[in-house]
Amino acid sequence: MKHKEIIKNLTLSNKAALMSGKNMWETVSYVDKEVPSIFLSDGPHGLRKQTGAADHLGLNESLPATCFPTAATLANSWDESLIEAVGYQIGAESSYKDVDVILGPGLNIKRNPKCGRNFEYFSEDPFLTGKMAAAHIRGIQSSGTYACPKHYAVNSQETIRMSSNSIIDERTFREIYMTGFEIAVKEGKPKSIMSAYNKINGVYAHENKKMLRDILHDDWGFEGIVVSDWGGSNDHVLSVKNGAHLAMPTVGPDGQKQIIDAVLSGKLSEAILDERVDELLDVILAKQEIPKIAKIDYDAHNELAQKAARESIVLLKNEDHILPLKNNESIALIGDFVKTPRYQGSGSSIVNPMKLVNTLDEINNYPLNVVAYAQGFQRNGQADQKLLNEALDVASRADKVLLYLGLSEQSESEGMDREHIKLAENQRKLVQELAKVNKNIVAVLSAGSVVEMTWDVDAKAVLHTYLSGQMGALGILDVLCGHVSPSGKLNETYPHSYRDIPFAKEFP
């Protein structure tokens with residue numbers, strides 16, 4: 001053991017308490033015994049450090065931070081250096097705000113496009129996923145902040161996520177669902193990893209010896225700590241025995257007593273408990289030696305966020321070379337997302353943006369002649385003939401229509417899966433009706449996951465921006481006006497119809 005002298009001074013009660021958090025975000029400390037605390041906080045596309053009442057669903061207020069494009073967006077860049085740079089800046093902001101561990105990146109495999117959390121994950125492809133995640137981890141940890149990749153593993157749905165059972169054969173398990181994590185661990189060398197809520201072949205991830213000890217520690221050489229997802233510890237004694245270090249946010253005195261009783265009864269060897277404490281101390285004490293970042297250049301962070309957004313944009317269609325837009329041609333600006341951008345998903349990853357730009361405010365800085373703006377549709381999907389008529393009037397008076405479409409915040413969220421993969425009916429109808437008065441439609445799509453594209457027959461161009469963060473509107477305008485050529489490539493398959501998806505009826 002590396003920290004034998006410290007462990008000798010800890011009581012059994014002390015050691016048992018260290019296996020769980022002391023509150024929502026901090027670990028237990030014993031300052032008089034040389035055991036400090038570390039602070040964990042949500043990511044993964046920007047820091048979410050809460051200021052008031054703590055929760056793990058993104059509901060309560062958090063400190064302002066730079067909101068970068070989500071993982072599903074960044075993966076379209078296929079650019080490891082870009083993602084590493086983003087990781088560094090997220091880690092730097094975390095260090096500056098006294099956060100030791102950022103909970104990210106998310107790298108679960110996109111088994112089905114209806115998973116409500118796909119916007120947080122890189123790809124359906126294990127190799128791309130692993131390479132992107134490793135780059136993100138290297139970036140975060142080069143700032144001195146620890147990364148905590150998640151959710152390990154075979155975690156691909158939000159419905160009954162606390163108890164679902166992923167039944168899987170060994171080859172699929174290893175080649176599809178573990179490969180990304182293997183690359184991330186071996187090439188990124190994260191100091192922590194978050195276990196998933198679900199079971200794998202009947203055994204919860206946080207208590208799964210095969211995953212935590214046999215594969216992660218012994219086969220891959222992982223030297224960090226295993227942290228439960230919040231509330232994801234089901235058998236505290238078994239988790240410690242099988243390779244886990246922290247049950248978060250806390251299991252309280254009852255969990256501490258369970259460890260003590262298990263050691264006293266012989267159910268858990270004290271030598272194994274000491275081993276877990278030693279591994280935990282190794283990570284915590286090393287963190288104390290890393291200096292905090294004292295200053296943040298938020299202008300530089302905005303510049304990188306804009307660059308990341310534009311380099312992740314995918315041009316799906318461009319008939320008659322309608323893009324890039326020409327200087328001074330008249331433009332009808334239509335869509336609710338023009339004024340209120342859709343730039344991130346919902347749930348524990350939600351960032352309180354330091355700055356948020358929108359197209360309506362920024363487009364006058366570009367060489368375009370905007371005829372007028374029309375909202376076009378209700379964001380909640382409700383039909384609204386008045387908004388439709390206003391949009392038709394504006395479209396009829398312009399050379400080209402810039403139509404901002406996408407999924408609503410309620411469509412993509414932690415804790416729930418999507419009901420379908422279609423755009424809302426009122427948006428699909430809007431495209432169809434606009435094409436009757438103006439054939440030159442450029443659709444700008446904002447969505448963190450797959451969307452059925454049957455409506456694109458009525459658009460000459462489709463620019464897919466995914467969820468492009470707080471500076472996304474500027475990145476989009478850079479591409480539309482030809483300042484930057486769109487270089488993004490899709491990280492996932494787009495089916496013609498949801499019916500084309502294997503096991504479509506069974507999910508979730």
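The values are calculated or read from the model by the stated rules, or taken from the named source; none is laboratory data. Remember, it's a predicted structure, so these values are computed and weren't measured experimentally. For neighbour counting, all protein chains shown are included, and Cβ atoms are generated from backbone atoms with ideal geometry for every residue, glycine included. Ligands, DNA and RNA are stripped out before the accessible areas are found, and what is left, the full protein with its side chains, is counted by its heavy atoms. Shrake-Rupley method; radii C 1.70, N 1.55, O 1.52, S 1.80 Å.
For N234, the requirement of being surrounded by fewer than 20 Cβ atoms within 10 Å (Cβ to Cβ) and touching a strand residue (DSSP E or B) at 6+ places or on another chain (Cβ under 7 Å) is met. Against the test of being among the aromatic types (F, W, Y) and open to solvent by 40 Å² or more (accessible area, probe 1.4 Å), the options Y366, Y373, Y343 yield a single qualifying residue, Y373. Scanning the stretch 456-467 for residues that are open to solvent by 10 Å² or more (accessible area, probe 1.4 Å) and in contact (Cβ under 8 Å) with a residue 40 or more places away in the chain gives D456, K460. Across the stretch 74-81, a minimum of one residue is classified as in contact (Cβ under 8 Å) with a residue 12 or more places away in the chain and assigned to a loop (DSSP other than H, G, I, E, B).
Just one of K400, K429 is crowded, with 19+ Cβ neighbours inside 10 Å, more than 30 Å from Y121 (Cβ to Cβ) and basic (K, R); which is it? Being crowded, with 19+ Cβ neighbours inside 10 Å, more than 30 Å from Y121 (Cβ to Cβ) and basic (K, R) holds for just one of K400, K429, which is K400.
Any residue in the stretch 44-63 that's in contact (Cβ under 8 Å) with a residue 40 or more places away in the chain: show its pairings with residues that are surrounded by fewer than 12 Cβ atoms within 10 Å (Cβ to Cβ) and hydroxyl-bearing (S, T, Y) at Cβ separation under 6 Å, as long as the two are six or more apart or on different chains. Note: pairs meeting the criteria are E61/T51; L63/T51. The residues in the stretch 193-218 that are in contact with a Ser or Thr (Cβ under 6 Å, 6 or more places away or on another chain) and either outside any loop (DSSP other than H, G, I, E, B) or aromatic (F, W, Y) (or both) can be counted, and the count is 5.
So which residues in the stretch 178-192 are in a helix (DSSP H, G or I) and surrounded by 22 or more Cβ atoms within 10 Å (Cβ to Cβ)? Passing the criteria: G180, F181, A184, V185, G188. Name the single residue that is most open to solvent (accessible area, probe 1.4 Å) among those in the stretch 468-508 being of a type in the set (G, A, S) and either modelled with pLDDT under 95 or over 14 Å from P341 (Cα atoms) (or both). Looking at residues that are of a type in the set (G, A, S) and either modelled with pLDDT under 95 or over 14 Å from P341 (Cα atoms) (or both), I get S485.
Residues in the stretch 237-281 that are out of contact with any strand residue (DSSP E or B) (no Cβ under 9 Å at 6 or more places or on another chain), under 25 Å from P190 (Cβ atoms) and open to solvent by 40 Å² or more (accessible area, probe 1.4 Å): K241, I272, E275. Listed by first and then second residue, the pairs with beta-carbon distance under 8 Å, at least 6 apart or on different chains, first residue in the stretch 1-12 and within 15 Å of D32 (Cα to Cα), second surrounded by 12 or more Cβ atoms within 10 Å (Cβ to Cβ) and modelled with pLDDT under 95, are I7/M1. Among the numbered conditions (1) farther than 19 Å from G104 by Cα; (2) in a loop (DSSP other than H, G, I, E, B); (3) touching a residue at least 60 places away in the same chain (Cβ under 8 Å), the only one that W230 does not meet is (1). Taken together, the criteria exclude D32 from residues that are more than 22 Å from N491 (Cβ to Cβ), touching a strand residue (DSSP E or B) at 6+ places or on another chain (Cβ under 6 Å), of a type outside the set (G, A, S) and modelled with pLDDT of 95 or more.
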